[in-house]
Amino acid sequence: MPGTLQPAESLEGLTQQLAAEPDPRRRRQILRANQAWWEPGTVSRLYDDVVKLVRIDLTRAERLARSALWLSEQLNDPGAHAVGLRAVGHVFFLEGKQEPAWEHYSAALQIYEHLGLEIEVGRTLSGSLQTLIYLGRYDEAFTFAKRAQDIFARYGDHLRLARLDTNMGNILYRQDRFVEALELYRRSYDQFLTIGEPLDVAAALKNMATCQISLNQFRQSLETYHAARAWCESHNMPLLVAETDYNIAYLYYLRGEYTRAIELYRAAREHCEALGDRYHQALCDLDQSEMYLELNLNEEGAHLARPRARCLPPASHGLRSCQGAH
């Protein structure tokens, strides 16, 4: 039997304990042993750590998001509960679970609207755009984007306007409006270099490269992907490194360099498996299965395709993933 839990000496110590604990019941015990930290600010701190971790270690990010939501449910504070809901929404989105992601975003949005917290309304509108895109709800996505744009402009929030450019570019990309999307990605990238965070720059670079593929600008795309990979590696974002490796493999596949593509898919798949990124692991398998079918290696293709298809949201195969910003 584990010994009696001792209260954490600091909020950072508490978040580290929660991120390291795989058992949900044990995490709740940790929180009960630290009731001195039961306040809305702790939920906000957990949320901030989730946003930082989701592209580094999704498993640890999920533990913190679940902890934030559970703690928010113990507090008589609707704003804190909205923060917890949005944290879990982000994790569901990155796990490819778009329906539950939308449910959590929608619940958070209703709370913020009721409280009249406009900036938080705008953040939630902007953060939920990618989920609406994956669900094919483009009209709603444009409506949400316009509402968020009005809010951020009214408050002079240039960073969130730049992030909104990224998310609006993703809507245009999914509608095959690649030139317009690339213009927004480049505009947001220029802003992020001066006012953004490392994840913002990484997302803009990756989105630019993805769009360049769709415009048949393969040389420029490969250069941009390599720049994105170097940036992510230097800023400790292993999930984005693995995702970029997957996209580079796909680029070689498009160019007909099958031997090199197979090598890169194998390496990307192993990297994704080690990081727990089942979504991009599934995309590696499906892309490689399609390649085998083109090479008349039908048995090998079928073997790769079957186990992973259930990990993908509808209509995801054949579309490179553009990265949203929260």
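The values are calculated or read from the model by the stated rules, or taken from the named source; none is laboratory data. Treat the numbers as computed from the prediction; the structure is a model and nothing was measured. Every residue, glycine among them, receives a Cβ derived from its backbone with ideal geometry; neighbour counts consider all protein chains shown. Quick note on the areas: whole protein, heavy atoms, side chains included, nothing else; ligands and nucleic acids left out. Shrake-Rupley method; radii C 1.70, N 1.55, O 1.52, S 1.80 Å.
Just to be sure I understand, how many residues within segment 131-162 are over 25 Å from residue 78 (Cβ atoms) and not hydrophobic (A, V, I, L, M, F, W, C)?
9
Quick one: would you say residue 71 is among the hydrophobic types (A, V, I, L, M, F, W, C), open to solvent by 50 Å² or more (accessible area, probe 1.4 Å) and either at pLDDT 95 or above or closer than 22 Å to residue 196 by Cα (or both)?
In short, no.
Condition check ((1) under 13 Å from residue 251 (Cβ atoms); (2) at pLDDT 95 or above; (3) among the hydroxyl-bearing types (Ser, Thr, Tyr); (4) in contact with a helix residue (DSSP H, G or I) (Cβ under 7 Å, 6 or more places away or on another chain)) across all residues:
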site: 184; (1), (2), (3), (4): no, yes, no, yes
site: 188; (1), (2), (3), (4): no, yes, yes, yes
site: 197; (1), (2), (3), (4): no, no, no, no
site: 200; (1), (2), (3), (4): no, no, no, yes
site: 206; (1), (2), (3), (4): yes, no, no, yes
site: 216; (1), (2), (3), (4): yes, no, no, no
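Any residue that is crowded, with 24+ Cβ neighbours inside 10 Å, in contact with a Lys or Arg (Cβ under 9 Å, 6 or more places away or on another chain) and under 23 Å from residue 213 (Cβ atoms) - is there at least one of those in segment 120-128?
Looking for residues that are crowded, with 24+ Cβ neighbours inside 10 Å, in contact with a Lys or Arg (Cβ under 9 Å, 6 or more places away or on another chain) and under 23 Å from residue 213 (Cβ atoms), one finds none in segment 120-128, hence no.
Select, from 205, 182, 161, the only residue that is under 19 Å from the mean Cα position of the chain (by Cα), closer than 27 Å to residue 277 by Cβ and not hydroxyl-bearing (Ser, Thr, Tyr).
When all the criteria are applied, what remains is 205.
Suppose the filter is within 21 Å of residue 91 (Cα to Cα) and surrounded by fewer than 24 Cβ atoms within 10 Å (Cβ to Cβ); does residue 197 pass it?
Yes; evaluated as a whole, the condition is true for this residue.
Mind counting the residues in segment 74-106 that are of a type in the set (A, V, I, L, M) and surrounded by fewer than 18 Cβ atoms within 10 Å (Cβ to Cβ)?
Number of matching residues: 1.
Among the residues of segment 147-165, is there at least one that is farther than 21 Å from residue 55 by Cα, in contact with a Pro (Cβ under 6 Å, 6 or more places away or on another chain) and not hydroxyl-bearing (Ser, Thr, Tyr)?
So far as segment 147-165 goes, no, none of its residues is farther than 21 Å from residue 55 by Cα, in contact with a Pro (Cβ under 6 Å, 6 or more places away or on another chain) and not hydroxyl-bearing (Ser, Thr, Tyr).
In this structure, is residue 185 touching a residue at least 24 places away in the same chain (Cβ under 8 Å) and either open to solvent by less than 40 Å² (accessible area, probe 1.4 Å) or closer than 22 Å to residue 159 by Cβ (or both)?
The answer is yes for residue 185.
Inside segment 249-262, can you point out the residues that are part of a helix (DSSP H, G or I) and either open to solvent by 10 Å² or more (accessible area, probe 1.4 Å) or in contact with a Gly (Cβ under 6 Å, 6 or more places away or on another chain) (or both)?
Across segment 249-262, the qualifying residues are 250, 252, 253, 254, 258, 259, 260, 262.
Per-residue answers, yes or no, for (1) in contact with a His (Cβ under 9 Å, 6 or more places away or on another chain); (2) crowded, with 18+ Cβ neighbours inside 10 Å; (3) under 21 Å from residue 93 (Cα atoms); (4) touching a residue at least 40 places away in the same chain (Cβ under 8 Å):
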site	(1), (2), (3), (4)
116	no, no, no, no
137	no, no, yes, no
146	no, no, no, no
149	no, yes, no, no
153	no, no, no, no
156	no, no, no, no
168	no, yes, yes, no
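Tally the residues that are buried (at least 20 other Cβ atoms within 10 Å of the Cβ) and without any contact (Cβ under 8 Å) to a residue 40 or more places away in the chain, restricting the search to segment 233-245.
Residues meeting the conditions: 4.
Any residue that is in contact with a Cys (Cβ under 7 Å, 6 or more places away or on another chain), of a type in the set (A, V, I, L, M) and either buried (at least 16 other Cβ atoms within 10 Å of the Cβ) or modelled with pLDDT of 85 or more (or both) - is there at least one of those in segment 304-325?
Checking segment 304-325: not a single residue is in contact with a Cys (Cβ under 7 Å, 6 or more places away or on another chain), of a type in the set (A, V, I, L, M) and either buried (at least 16 other Cβ atoms within 10 Å of the Cβ) or modelled with pLDDT of 85 or more (or both).
So which of 28, 45, 32, 55 ends up being of a type in the set (D, E, K, R), crowded, with 17+ Cβ neighbours inside 10 Å and more than 30 Å from residue 202 (Cβ to Cβ)?
After ruling out the rest, the residue left standing is 28.
Taking residue 106 as the residue in question, decide whether it is in contact (Cβ under 8 Å) with a residue 24 or more places away in the chain and of a type outside the set (A, V, I, L, M, F, W, C).
Taking the combined requirement at face value, the residue does not satisfy it.
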